[in-house]
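Visitor: First, the structure itself, so that you have it in front of you.
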Amino acid sequence: MNPRAHSCPAILVAAPASGQGKTTVTAALARLHTRHGRHVRVFKCGPDFLDPHWLQLASGAPVHSLDLWMTGLRDCAARLHGAAGQADLLLVEGVMGLFDGEPSAADLAQRFGLPVLAVVDASAMAGTFGALAYGLEHFRPGLRWAGVLANRTAGERHAQMLRSALRDPRHWLGALPRDPALQLAERHLGLVAAAETQDALQRLDAAADLLAHTPLGAMDKDALQRWAVDFQAPAETGATPALLSGRTVAVARDAAFNFIYPANLECLEALGARLVFFSPLAGDALPACDAVWLPGGYPELHAAALASRSTLRDALADHVARGRPVWAECGGMMALFERLVTGDGTSHRMWGLLPGTVTMQERLAALGPQQLALPGGVLRGHTFHFSRCETSLPVAQRTFGPDEAGPGERGEALWRRGSLAASYFHAWFPSSPPAVAALFGAGGEA
């Protein structure tokens, strides 16, 4: 083994589709081993702000995203290698179905040699369970297979039927029963955050207790070594230049603005920024700062409370009038328009730093990977929203997809008003620290 490599048991938890129970199983497995005193690190495949809340609660450690395009191969390798050097077990929750998306969870598993555990909602099947498990295992040659776990089963007899359907009984890792207490609540953008669920930890403990009685949950530290992976250290790169040294960035963070990748905060700090946090929902004043970040979240669920924050509104307007940068993405941007129309048709007068109206709708408005070209570089990220915006502001520029040579007409709009920049685009800051530095005022406007 390469002396710079770290070896650690690792599992990628996948499924044939969304909604099969990947997050519940991943969190339950993390919680089970954490309760045994083991150091568990969990990652999420693909862009996601909500599942990591549950995975962090279960493991007690920050949860980072892994995506071969958005975060990049080197970033994935560095995070896995670093975690493997400290942990007893690495877990990676997949995204959608195992082979869905470009790149898919299968691409990530194959690139790093991660054994794949398939979670299958078996509530309405019997023998077909075996065919599905066989297909997932053999659809792509070269995948390392851990086994299959049946979810939402009707009882012991049902579980036995499912187990007998497998070609290789060694791949049976157990079954979890159908139990409403194990379901994690959802809404239009995904799971309800763990912090908003009063019995969140009790739900994870209940799932961990059930998992403990399966072959998967019964495995101890030595048994997990069958899934050991050697994680190679990536090539060294230069240190991030401290382009934001001496600058303070105020970050909105509460139930309305909580779509924040931990890696984005780390990137700002690596650039030399001092971070201060404030809660618009709690009525916090805008801290003394050089720049403001209003991240995404659920302003539509708290529109009335946010609309009443006139002192913060005035402070933000003064901040922009002084030429100090504001970066507002998705939900953060929505609060800045004149009006926000919620799903029930109620129109709320918002902060009014941008002209126009944002209207919630039932249909998904946009979803997928995007990138934004700025003077400092190209930021990678994604978009995911259920609202539309009508504004008189001209579009300053647009984002573009991974396979597009440059901006066209289909990407997300970036609007500017003075030193304020706003878009539905969610940026992954480590993809271009110089672009982030420019966005927050280093060397002038981005």
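The values are calculated or read from the model by the stated rules, or taken from the named source; none is laboratory data. These numbers were taken from a predicted model, which means no experiment stands behind them. With ideal geometry, Cβ positions are generated from the backbone for all residues, glycine too; neighbour counts draw on all protein chains shown.
Visitor: Restricting attention to the range 219-240, does a residue exist that is at pLDDT 95 or above, part of a loop (DSSP other than H, G, I, E, B) and touching a Phe, Trp or Tyr at 6+ places or on another chain (Cβ under 8 Å)?
Guide: no
Visitor: I've got another one for you. Identify, please: which residue in the range 14-44 is touching a Cys at 6+ places or on another chain (Cβ under 9 Å) and not aromatic (Phe, Trp, Tyr) and is, among those, surrounded by the most Cβ atoms within 10 Å (Cβ to Cβ)? Before the answer, list the steps.
Guide: So in the range 14-44, the residues touching a Cys at 6+ places or on another chain (Cβ under 9 Å) come out as 14, 41, 43.
Right, trim to not aromatic (Phe, Trp, Tyr) and you get 14, 41.
Working: Ala14: 32, Arg41: 26.
In this case the residue turns out to be Ala14.
Visitor: Among the residues of the range 52-80, count how many are over 10 Å from the mean Cα position of the chain (by Cα) and part of a helix (DSSP H, G or I).
Guide: 19
Each row is one residue, and each column tells you yes or no for (1) hydrophobic (A, V, I, L, M, F, W, C); (2) in contact with a Lys or Arg (Cβ under 8 Å, 6 or more places away or on another chain); (3) surrounded by fewer than 21 Cβ atoms within 10 Å (Cβ to Cβ); (4) in the same structural domain as Pro433 (by TED's automatic domain parsing).
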site	(1), (2), (3), (4)
Leu354	yes, yes, no, yes
Val358	yes, yes, no, yes
Leu364	yes, no, yes, yes
Val378	yes, no, yes, yes
Gly401	no, yes, yes, yes
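Visitor: Is the range 111-121 home to any residue that is β-branched (Val, Ile, Thr) and closer than 19 Å to Phe49 by Cα? Don't jump to the end; show me each part of the working.
Guide: Step one: list which residues in the range 111-121 are β-branched (Val, Ile, Thr), which gives 116, 119-120.
Now drop any that are not closer than 19 Å to Phe49 by Cα, which leaves none.
Looking through the range 111-121, none of the residues is β-branched (Val, Ile, Thr) and closer than 19 Å to Phe49 by Cα.
Visitor: Also, quick follow-up: Only residues that are within 18 Å of Arg416 (Cα to Cα) and surrounded by fewer than 20 Cβ atoms within 10 Å (Cβ to Cβ): list them for the range 331-352, please.
Guide: Hits for the range 331-352 are Glu338, Arg339, Gly352.
Visitor: Can you tell me which residue within the range 183-218, out of those that are part of a helix (DSSP H, G or I), aliphatic (A, V, I, L, M) and at pLDDT below 65, is nearest to Gly113 (Cα to Cα)?
Guide: Our first condition is that a residue be part of a helix (DSSP H, G or I); within the range 183-218, this holds for 194-196, 200-211.
Still in the list and also aliphatic (A, V, I, L, M): 194-195, 200-201, 204, 206-208, 210-211.
In the following step, the residues that additionally are at pLDDT below 65 were identified as 194-195.
On the way: Ala194: 31, Ala195: 33 Å.
Applying the filter and picking the extreme gives Ala194.
Visitor: Please specify each residue of the range 81-105 satisfying the condition of being of a type outside the set (Asp, Glu), assigned to a strand (DSSP E or B) and under 15 Å from the mean Cα position of the chain (by Cα). Reasoning before the result, please.
Guide: So in the range 81-105, the residues of a type outside the set (Asp, Glu) come out as 81-87, 89-92, 94-99, 101, 103-105.
Next cut, assigned to a strand (DSSP E or B) only: 89-92.
Answer for the range 81-105, where residues must be of a type outside the set (Asp, Glu), assigned to a strand (DSSP E or B) and under 15 Å from the mean Cα position of the chain (by Cα): Leu91, Val92.
Visitor: Examine the range 307-323 for a residue that is farther than 23 Å from Ser392 by Cβ and in contact with a strand residue (DSSP E or B) (Cβ under 8 Å, 6 or more places away or on another chain), and state whether such a residue exists.
Guide: No, there is no match, as no residue in the range 307-323 is farther than 23 Å from Ser392 by Cβ and in contact with a strand residue (DSSP E or B) (Cβ under 8 Å, 6 or more places away or on another chain).
Visitor: So, in the range 397-412, exactly how many residues are out of contact with any Leu (no Cβ under 6 Å at 6 or more places or on another chain) and in contact (Cβ under 8 Å) with a residue 24 or more places away in the chain?
Guide: Residues of the range 397-412 that are out of contact with any Leu (no Cβ under 6 Å at 6 or more places or on another chain), as a first pass: 398, 400-412.
Cutting the leftovers down to in contact (Cβ under 8 Å) with a residue 24 or more places away in the chain gives us 400-402, 406-407, 411-412.
Final tally of qualifying residues: 7.
Visitor: For residues that are touching a helix residue (DSSP H, G or I) at 6+ places or on another chain (Cβ under 8 Å) and in contact (Cβ under 8 Å) with a residue 40 or more places away in the chain, tally how many sit in the range 119-138.
Guide: 3
Visitor: Just for the range 369-405: of the residues that are of a type in the set (A, V, I, L, M, F, W, C) and touching a Gly at 6+ places or on another chain (Cβ under 9 Å), which one is farthest from Ala442 (Cα to Cα)? Outline the logic, then answer.
Guide: Taking the range 369-405 as the starting set, the residues that turn out to be of a type in the set (A, V, I, L, M, F, W, C) are 372-374, 378-379, 384, 386, 389, 393, 395-396, 400, 405.
Now restrict to residues that are touching a Gly at 6+ places or on another chain (Cβ under 9 Å): 372-373, 384, 386, 389, 393, 400.
Working: Leu372: 18, Ala373: 16, Phe384: 28, Phe386: 33, Cys389: 29, Leu393: 25, Phe400: 24 Å.
Out of the qualifying residues, it is Phe386.
Visitor: A follow-up question, please. If you go through the range 319-343, how many residues are over 26 Å from the mean Cα position of the chain (by Cα) and under 21 Å from Arg253 (Cβ atoms)?
Guide: Residues that pass the stated criteria total 3.
Visitor: From the set of residues in the range 266-307 that are in a strand (DSSP E or B) and small (Gly, Ala, Ser), which is nearest to the chain's Cα centre (by Cα)? Working first, answer last.
Guide: Taking the range 266-307 as the starting set, the residues that turn out to be in a strand (DSSP E or B) are 274-278, 291-294, 296.
Filter once more, keeping what is small (Gly, Ala, Ser): 291, 296.
Details: Ala291: 24, Gly296: 12 Å.
Per the stated criteria, the residue is Gly296.
Visitor: Restricting to the range 74-88, and then to whatever is in contact (Cβ under 8 Å) with a residue 60 or more places away in the chain and hydrophobic (A, V, I, L, M, F, W, C), can you tell me which residue is surrounded by the most Cβ atoms within 10 Å (Cβ to Cβ)?
Guide: Leu80
Visitor: If you scan the range 54-67, which residues turn out to be in contact with a Pro (Cβ under 9 Å, 6 or more places away or on another chain) and more than 21 Å from Trp227 (Cβ to Cβ)? Step through it out loud before you land on a result.
Guide: Initially, the range 54-67 is screened for residues in contact with a Pro (Cβ under 9 Å, 6 or more places away or on another chain), giving 56, 62-65, 67.
Residues satisfying the conditions are Gln56, Pro62, Ser65, Asp67.
Visitor: If a residue must be under 22 Å from the mean Cα position of the chain (by Cα) and small (Gly, Ala, Ser), how many such residues does the range 344-372 contain?
Guide: The number of residues fulfilling the criteria is 3.
Visitor: Would you point out the residue of the range 409-435, among those that are closer than 14 Å to Ala366 by Cβ and not hydrophobic (A, V, I, L, M, F, W, C), that is surrounded by the fewest Cβ atoms within 10 Å (Cβ to Cβ)?
Guide: Out of the qualifying residues, it is Glu409.
Visitor: Restricting the search to the range 7-21, which residues are modelled with pLDDT under 95 and at negative phi?
Guide: Keep residues of the range 7-21 that are modelled with pLDDT under 95, which gives 18-21.
Correct list: Ser18, Gln20.
Visitor: Of everything in the range 264-283, what is touching a strand residue (DSSP E or B) at 6+ places or on another chain (Cβ under 6 Å) and either outside the structural domain of Pro434 (by TED's automatic domain parsing) or surrounded by fewer than 18 Cβ atoms within 10 Å (Cβ to Cβ) (or both)? Give them in sequence order.
Guide: Arg274, Leu275, Val276, Phe277
Visitor: So, of the residues in the range 247-265 that are hydrophobic (A, V, I, L, M, F, W, C) and assigned to a strand (DSSP E or B), which turns out to be nearest to Asp75 (Cα to Cα)? Give the derivation first.
Guide: Of the residues in the range 247-265, the ones hydrophobic (A, V, I, L, M, F, W, C) are 249-252, 255-257, 259-260, 263, 265.
Those still in the list that are assigned to a strand (DSSP E or B) too: 249-252, 259.
Values: Val249: 24, Ala250: 26, Val251: 24, Ala252: 26, Phe259: 20 Å.
It comes out as Phe259.
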